[in-house]
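What follows is one structure encoded as C-alpha cells, with my remarks underneath.
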Amino acid sequence: MWAELKREIKEAAPSLGIDDIGFASADPFLSLKAVLLDRREKGYESGFEEPDIDKRIYPELSFDGQPASLISIAVAYPSKMENPPKSAPGERRGILARSAWGRDYHLVLREAMKKLEDFIRERIPEARIENMVDTGALVDRAVADRAGIGFKGKNCLIISPKWGTWVYLGELITNIPFPPDTPVTEDCGECTKCLDACPTGALVGPGVLNAQRCISFQTQTKGFVEEEFMLKIGNRLYGCDTCQVVCPKNKGKHWNHRPELQPDPETVKPLLLPILDLSNRQFKERFGTSAAAWRGKNPIQRNAIIALGNFKDPGSVPKLIDILIKDSRPVMRGTAAWALSRIGGTEALSAIVKAIATETDEEVLKRLRNAESKLMEAETPEV
C-alpha cells in the first residue's frame, strides 16, 4: 500500500511544483551529533541555525508522536541570466546570489509542500504531516542525502546528479511508513575546486564550513564587516555563488522551466547608487519578493557601500560623503569611511577629516582614523 502511494507521489511531484523527491526513514541522525558539536566548539556556526542540537538530530522532537518517514523535496532554480546589464563608470552594479534571483524560495517550497500534503491527505485522511524549510530544526542537506536527492559535496551543498547544486530543499515528517529510497553513491572524487576557489577560505576542509568566514554569511550580517571580508565581498549584495560556479558537477546545468524563479536583471544586478536612497517601503517594493529581503534593507545598503569602495569609482564619492556626514546609522558611516579610503583623493580626505571632528561613535571613529591614515599615506609623495 505504501509503496503504491509513494509511486503515485513521485509521478505527481512535477504537477505539485516539485522537481525531485525522495523518501527516507525518520531515524535519528546520530552521526551528525559529533559534527554539529565540533562546529559549535570551533565557532563555525552562523548563528542562524536551530540552537538545540538535539532538535537537529531527532525528527521526533519536531513531530507530534513517533514519525515513520521523512520526505525530501527539491526545486531547481536558474544559474544563468539572459542579457545581464553591465556595470560602467558612474553606473556600477551589485549582484544577488542565484538563490535569491526569483520569488522567495521559502514561499515556493511551502506552497509545493502544501500541495503535497493535500495530495497525501486526499488518499490518507488520517495522515500526520509536518513540513519545514531551512528555518526548521532538521538539517535539510542531511535529509536530502539520506533520501537520495543527492550527495553532500565538499562545498557542503547537496549535489544532485541531475540538477547539480542549483536546488532549494525542504522536507516533511510523517507517520506514514514509506519505503526508503537509496542514497546516491556518487561523490566529488579528488576534486577540490570549491575549496581552492572559496574567497575567504571558509571551506576549511572537505565538507567542513566555517560559516563565520563565509561571504554569504558576511553579506547577511547587520553590523560592521571587517576589512578582510569587505575586500573579498566585491560587488556582492547578498550571498555568494563561487563554490557552486566552479563545481564541475554544475557544468551545463541551468534551469528555466519555472517562470516565478527567473531573474529580473535590474533587480538581481541593480545599480548601486540608487539602492542607498531607498526607504523601507521602496526597499520592500523592489526586493520584497526575493529571499534577499529577509534581513531588511540595512545589510543590502551597507553591502552597496562596500561594493562602491571595491569598484574605486570616483563618481560615487559625493554620495559616500553624504552618507558619511548625514546618515544616522553608525554602520553606514563607518563603511562609507572605508569605501572613501579605497577610492582616494583630496575630496575624500577632506570629508574624513571633517567627519572625525564631529563623530561620537567609537567604532566609527576608529574606522575614520584608519581611513584618514590610508588617505594621507596615499597623498604623501614617495621620497
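The values are calculated or read from the model by the stated rules, or taken from the named source; none is laboratory data. Note that the coordinates shown come from a computational prediction; the quantities given were computed from them, not determined experimentally. When we count neighbours, we look across all protein chains shown, and the Cβ atoms used for this are built from the backbone with ideal geometry, even at glycine.
Side notes on the structure shown:
- So Thr165, is it under 29 Å from Ile215 (Cβ atoms), among the β-branched types (Val, Ile, Thr) and surrounded by fewer than 18 Cβ atoms within 10 Å (Cβ to Cβ): no
- The range 318-373 - residue that is of a type in the set (Lys, Arg) and either part of a loop (DSSP other than H, G, I, E, B) or in contact (Cβ under 8 Å) with a residue 40 or more places away in the chain (or both) and, of those, surrounded by the most Cβ atoms within 10 Å (Cβ to Cβ): Arg367
- Test result for Gly315, at positive phi and surrounded by fewer than 21 Cβ atoms within 10 Å (Cβ to Cβ): no
- Hey, Arg329 of a type outside the set (Val, Ile, Thr), out of contact with any Leu (no Cβ under 9 Å at 6 or more places or on another chain), at pLDDT 95 or above and closer than 20 Å to Gly234 by Cβ or not: no
- When restricted to residues that are touching a Ser or Thr at 6+ places or on another chain (Cβ under 7 Å) and over 18 Å from Trp166 (Cα atoms), the range 99-127 contains 1.
- Options Pro59, Pro28, Pro89; residue that is surrounded by fewer than 19 Cβ atoms within 10 Å (Cβ to Cβ), out of contact with any Lys or Arg (no Cβ under 8 Å at 6 or more places or on another chain) and modelled with pLDDT of 95 or more: Pro28
- Filtered by the rule that a residue be under 18 Å from Lys374 (Cα atoms) and of a type outside the set (Lys, Arg), the range 306-328 gives Ile306, Leu308, Gly309, Asn310, Phe311, Asp313, Pro314, Val317, Leu320, Ile321, Leu324.
- The residues of the range 183-220 that are aliphatic (A, V, I, L, M) and touching a Pro at 6+ places or on another chain (Cβ under 9 Å), listed by number, are Val184, Leu195, Ile215.
- Boolean, Ser279 is touching a residue at least 12 places away in the same chain (Cβ under 8 Å), closer than 30 Å to Ala100 by Cα and within 27 Å of the chain's Cα centre (by Cα): no
- Members of the range 204-262 that are touching a Gly at 6+ places or on another chain (Cβ under 6 Å), outside any helix (DSSP H, G or I) and closer than 23 Å to Gly153 by Cβ: Lys253
- The single condition among (1) within 30 Å of His106 (Cβ to Cβ); (2) surrounded by fewer than 15 Cβ atoms within 10 Å (Cβ to Cβ) that Ala378 does not satisfy is (1).
- Residue in the range 349-359 that is in contact with a Gly (Cβ under 6 Å, 6 or more places away or on another chain) and either at pLDDT 95 or above or under 24 Å from Ala100 (Cα atoms) (or both) present: no
- Any hit, the range 209-224, residues being within 16 Å of Glu45 (Cβ to Cβ), surrounded by fewer than 20 Cβ atoms within 10 Å (Cβ to Cβ) and among the hydrophobic types (A, V, I, L, M, F, W, C): yes
- Some residue of the range 182-202 being crowded, with 21+ Cβ neighbours inside 10 Å, assigned to a loop (DSSP other than H, G, I, E, B), touching a strand residue (DSSP E or B) at 6+ places or on another chain (Cβ under 7 Å) and not polar (S, T, N, Q): yes
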